[in-house]
Amino acid sequence: MFQKKRNVFNRDGFRNREAVILVFALLAEAKPFLRRLSAKGIHSQGNQRIFEFSGGFVLVTGVGKIASAIGVTAFSAKLALEKRQTSRIWNLGSSGAFDRNREMGRFHWIHKVTDQGSGQEEFPSFLEKIQPDMETSLLTLDSPLYSATSSLASIAQLVDMEGFGFFKAANLYFPTENIRIGKWVSDYLEPCSAEHLTNLAELHADSLLEQISVPLPYLSETEDLNVLLGEQEKLAEELGYTTSMIWEVKHYVRFYLNAKNNALFPNNKNFPPLPNRVKDKLERKKLHEAWKAELVL
């Protein structure tokens, strides 16, 4: 699938930097970003295309959650683990709105994405503070929808055909907080032209590229930080935390100490004030979630 004569993933000029990976379903949505980034096409097969720019890649996967998942998986599997851990991957594009009072072109970050076929839900994680009115829910459809139904409208505010497939695939390769889904309202469940999609993408290209150009705050590693992470991991184990909770503790500590220039957490707490061991699993989970809630930037 990838060009064999040119290894774009391991060149010296790109190896030591975090990558930015933007994923779109349609070329019409990607065009304003490609132009601003001076991105050059390096691969094309069917509806799937890969473009490269100085700081990363743009993927155009084609329509549908399966196409999105395949495109993201095929690309991500070629990236080294270290690169994936320090890279951001965003799915950007158009969405339909059930509510005609929702402004055409309005942009939203997605905090919950639901798959229509299975009913499964996924929750993109935001460690940074985001304005509440910019967040909403997304329903990924199995096929185009041209009329609203009350049952579907009760699930989410917006609909698309890629978000869930993108997130499931990206979450296999990238840290959850490095993954985002951003959608702008393109229609009210009616067909629209490629020109219309491009014009709407133009409205948001500058601001989104400015946001993603800000370096991730938790990339630096120091000996002192690694010692602290080891201490935090040991404490979490003593408290009876699960493996996934221990992973979150280490990752969140790394993120917030770097984001705040190695300052302590709010109220000078590096860890929730728990007894030596909490035996009740539900209580541990509640305390852990309460601790995470205090960490929003």
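The values are calculated or read from the model by the stated rules, or taken from the named source; none is laboratory data. Keep in mind it's a predicted model, so treat the numbers as computed, not measured. Positions of Cβ are backbone-derived with ideal geometry, glycine not excepted, and every protein chain shown enters the neighbour counts. Please note that ligands, DNA and RNA were not included when accessible areas were found on the heavy atoms of the full protein model with its side chains. Shrake-Rupley method; radii C 1.70, N 1.55, O 1.52, S 1.80 Å.
For region 113-122, just list the computed ³J(HN,Hα) in residue order, Karplus coefficients 6.51, -1.76 and 1.60, θ = phi - 60°, integers in Hz, with x standing in for Gly and Pro.
Once rounded to whole Hz, the list reads 10, 10, 8, 4, x, 9, x, 5, 10, 10.
Near ILE179, within a Cβ-to-Cβ distance under 12 Å, what is the net charge of the other residues, with Lys and Arg +1 and Asp and Glu -1?
Numbers: positive: ARG84, ARG88, LYS168, ARG180; negative: GLU122, GLU177.
Residues close to ILE179 contribute a combined charge of +2.
Which residues' amide hydrogens lie under 5 Å from the amide hydrogen of GLY56, considering only partners 5 or more residues apart or on another chain, with H built in the peptide plane?
VAL20
Please work out how much length the chain gains when fully extended from HIS196 to SER147, using 0.36 nm per residue of separation minus the C-alpha to C-alpha distance, in nm with one decimal.
15.7 nm
Once phi is turned into ³J(HN,Hα) by the Karplus curve 6.51 cos²θ - 1.76 cosθ + 1.60 with θ = phi - 60°, what whole-Hz value does each residue of region 37-46 show in order, with x for glycine and proline?
Those phi angles translate into 8, 6, 6, 10, x, 10, 7, 8, 8, x Hz.
Leaving ligands, DNA and RNA out of it, work out the accessible area of LYS168 with a 1.4 Å probe and give it in Å² to the nearest 10.
80
Taking R0 as 35 Å, what FRET efficiency do you get between GLU231 and ILE42 from their Cβ-Cβ distance, rounded to the nearest 0.05?
Given R0 = 35 Å and the Cβ-Cβ separation, E is 0.20.
Mind ranking 63-76, 28-41 by how tightly packed they are, going by the mean number of other C-beta atoms within 10 angstrom, highest first?
Top of the packing list down: 63-76, 28-41.
Quick one: Karplus J couplings for region 204-212, per residue in order, coefficients 6.51, -1.76, 1.60, θ = phi - 60°, nearest Hz, x for Gly and Pro?
10, 4, 4, 5, 5, 5, 5, 5, 7
In the neighborhood of LYS65, defined by Cβ-to-Cβ distances under 13 Å, what is the net charge if each Lys or Arg adds +1 and each Asp or Glu adds -1?
-4
Ranking request for peptides 45-51, 106-112: highest mean number of other beta-carbon atoms within 10 Å first, then the rest in descending order. It would help to have the intermediate numbers written out before the result.
On the way: 45-51: 17.0, 106-112: 18.9.
Result, highest mean Cβ count within 10 Å first: 106-112, 45-51.
Ordering LEU228, LEU138 by accessible area with a probe of 1.4 Å, largest first, what comes out?
Result, largest first: LEU228, LEU138.
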